[in-house]
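Peer 1: One structure coming up, written as structure tokens, with questions to follow.
Laboratory data are not the source of any read-out in this text; all were calculated from the coordinates shown. Worth saying up front: this structure is predicted, and the values here are computed from it rather than measured. Virtual Cβ from ideal backbone geometry, glycine too; neighbours counted across all protein chains shown.
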Amino acid sequence: MAARKTTATKTAPVQTEEIVNVEETVKVEKKPAAKKATKAEKEVKEVAEKKPAAKRTTKKAVKTTFVVQAAGKEVSMEDAITRVKEAWTATGNKEADLKEIAVYVKPEEKAIYYVVNGDVTGRVDF
């Protein structure tokens, strides 16, 4: 019998490396992407932030005249207020301190009574 010749093939031993990736879990909170405002949107936002404009009236002021006549004498509203202001400053007060003037005309007494700033009272002649 014949002998068989066997050839052994040598193969290099295979080395295997196990590669293990360790993944880290990182939470990243993302804010929604800010939408870029268009020029028109910016203008609308600016207008909304401003205070509302005062309403304009188209009514014309009515010129008025107020005159009290009694016993042959007369006094206008402007004249009465001027006399009250003069009486106020004559007592040593400043006209700038006037905040409110109430005027009462009593023709039967020929007098103009007044209340200044809610607490100072006085009288001037008609």
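Peer 1: For region 67-125, just the Cα atoms, rotate onto the principal axes and tell me the three extents in Å, largest first.
Peer 2: Its Cα atoms span 34, 17, 17 Å along the three principal axes.
Peer 1: Set the Förster distance to 30 Å, then compute FRET efficiency between residue 61 and residue 86 from the Cβ-Cβ distance, nearest 0.05.
Peer 2: 0.65
Peer 1: While we're here: Expressed in nm to one decimal, what extension gain is obtained for the pair residue 104 and residue 120 from 0.36 nm per residue of sequence separation less their Cα-Cα distance?
Peer 2: Value of the extension gain: 4.4 nm.
Peer 1: Given the pairs 63/99; 60/99; 60/94; 63/85, which are separated by over 28 angstrom at their Cα positions? Please report the intermediate quantities before stating the final value.
Peer 2: Numbers: 63/99 24 Å; 60/99 26 Å; 60/94 33 Å; 63/85 23 Å.
Cα-Cα > 28 Å for 60/94; rest within.
Peer 1: Taking the Cβ of residue 118 as the center, what net charge do the other residues with Cβ under 10 Å away carry, scoring Lys and Arg +1 and Asp and Glu -1?
Peer 2: On the way: positive: 99; negative: 100, 119.
Residues near residue 118 contribute -1 overall.
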